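The values are calculated or read from the model by the stated rules, or taken from the named source; none is laboratory data. Just so you know, these numbers come straight off a predicted model, no measurement behind them. Neighbour counts are summed over all protein chains in view; Cβ atoms, including those assigned to glycine, are modelled from backbone coordinates with ideal geometry.
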Amino acid sequence: MRSDEITARDDVKESVMAKSKLEELHDKMDKVSSPLDLRRENYLNTLKKLRLQLCGYFFNDKSQGLLERAANGQQWFDWESMKPRLENCLPEEQLLAERADELQSQSPTRISITEALDYQIAESKLSLNPVKMGYAFQPEKPYTPKAQLFMQQFAGALSIYRVYLGIYEIYCRNYPFLKVDAHKDCLEKAKAMQKEMQKAQYDAALLFHEAKANARDIKMLLAAIREGQDDFDHAMKLQAAHMANQFESAARAIEDCYKQHPNNSLLFFAMDSEWQRLLKGIAADLFDNQYTYSSLAGTLTILPKFMETVIAEITHFYMAVCENQIPYRAEILRNALSLTSEVMTKLRVDAAIQDVSLELETITPTPAVQPLNFPSLYALYGGGLYRNSTGIDVPEGTSHAWDSAPYPSSQQ
């Protein structure tokens with residue numbers, strides 16, 4: 001084998017190794033983030049399912065049978081007036097997100113969707129008071145027996161819905177440290193410039209200008225390669241503890257709801273009540289069927305194994321990010337800088353051979369001459385308008401989309 005063939009083979013091998021390193025780091029990050037992404041998607045679907053199940057249980061034709069004669073010391077349950085207020089307590093998660101945004105404008109602190117639910121329930125004026133486990137129905141005067149049971153179950157269902165929202169919200173959180181969009185953009189620009197140079201004709205000066213700008217962006221990203229690491233480290237440790245607490249709260253809420261409202265039918269040992277079937281379905285969805293129950297004792301118990309699996313996933317994700325995120329960012333930028341440098345070097349060499357400049361030509365616009373005998377529109381309107389860089393007249397003090405910097409939501 002000739003020496004030039006060996007050299008070419010070695011060059012290809014080195015290129016493949018460099019590419020494999022980037023892919024390897026990407027695969028490591030994807031491997032630990034995929035389970036969390038899958039759970040987020042799953043919990044969104046089951047959250048929607050849970051809401052529909054609760055609406056189906058509480059808002060049906062049977063609920064109209066809650067009309068009973070009120071005894072002394074009891075208040076009458078008016079279903080027609082109560083139903084809209086009850087429905088207002090079970091909004092979709094998207095409506096809660098919108099309500100959280102509305103409340104956010106009035107608060108200096110971040111408003112969560114669970115806090116938005118608290119606000120919705122408080123507005124209903126239904127004596128559904130917040131307690132440690134969620135909500136409790138605490139009227140000044142009790143309703144009739146059927147209505148009282150209905151409202152107690154409704155409070156328990158809202159407690160489950162609230163903690164379910166909290167779990168989903170944790171999975172939706174985003175961290176700036178996980179973002180590599182800007183890093184990948186630099187790499188894609190470098191690849192695009194190399195592809196442009198393969199064309200028969202291209203604007204060398206413009207390409208050189210773009211390459212220099214890309215190199216500057218890369219160097220800025222390298223200087224900030226650890227940005228967000230400390231915040232991520234702190235937040236993830238809190239998140240693991242918060243997630244464990246949320247799942248424990250969900251387990252207690254389901255177990256308490258099951259025990260507080262037992263099956264009083266004669267065939268309780270052979271057939272579940274509608275309430276028990278509802279709670280078993282919720283437990284199956286949230287805890288992946290990791291529960292046991294006793295018809296004789298009237299209890300349902302969530303097994304800790306599932307919660308251990310969830311916490312292990314979060315811990316594994318945290319450790320993998322701490323180990324690989326900075327090398328992953330660095331490898332993307334290393335590839336981007338290498339390709340960009342190749343472009344700039346080739347352009348410089350070609351320009352030297354052809355004795356041409358790589359500087360962009362600048363054209364100074366000729367200022368327009370104002371007619372001497374007529375005032376400008378600006379003068380006619382008393383300076384109330386000004387002309388922006390696009391040539392469009394807009395009122396003074398108007399904010400512009402181009403004056404605002406975009407904000408960051410995940411690992412790409």
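Here L96 meets each of (1) closer than 24 Å to V131 by Cα; (2) surrounded by fewer than 18 Cβ atoms within 10 Å (Cβ to Cβ) with one exception, condition (2). Of the listed requirements (1) of a type outside the set (G, A, S); (2) within 22 Å of A284 (Cβ to Cβ); (3) not in a helix (DSSP H, G or I), I111 misses just one: (2).
Looking across region 303-361, the residues that are part of a helix (DSSP H, G or I) and of a type in the set (D, E, K, R) come down to K305, E308, E313, E323, R329, E331, R334, E342, K346, R348, D350. Comparison of P365, P375 shows that the only residue that is modelled with pLDDT under 55 and more than 31 Å from the chain's Cα centre (by Cα) is P375.
Take the residues of region 242-289 that are over 29 Å from the mean Cα position of the chain (by Cα) and among the hydroxyl-bearing types (S, T, Y): which is modelled with the lowest pLDDT? Taking the candidates together, the pick is S265. Would you call K83 within 30 Å of V310 (Cα to Cα), in a helix (DSSP H, G or I), basic (K, R) and at pLDDT 85 or above? In short, no.
The rows are residues; the columns are (1) of a type in the set (K, R); (2) surrounded by 15 or more Cβ atoms within 10 Å (Cβ to Cβ).
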position	(1), (2)
E102	no, no
Q106	no, no
R110	yes, no
L117	no, yes
A122	no, no
L128	no, yes
V131	no, no
A136	no, yes
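Counting only residues that are in a helix (DSSP H, G or I), modelled with pLDDT of 90 or more and touching an Asp or Glu at 6+ places or on another chain (Cβ under 7 Å), region 115-146 holds 0 of them.
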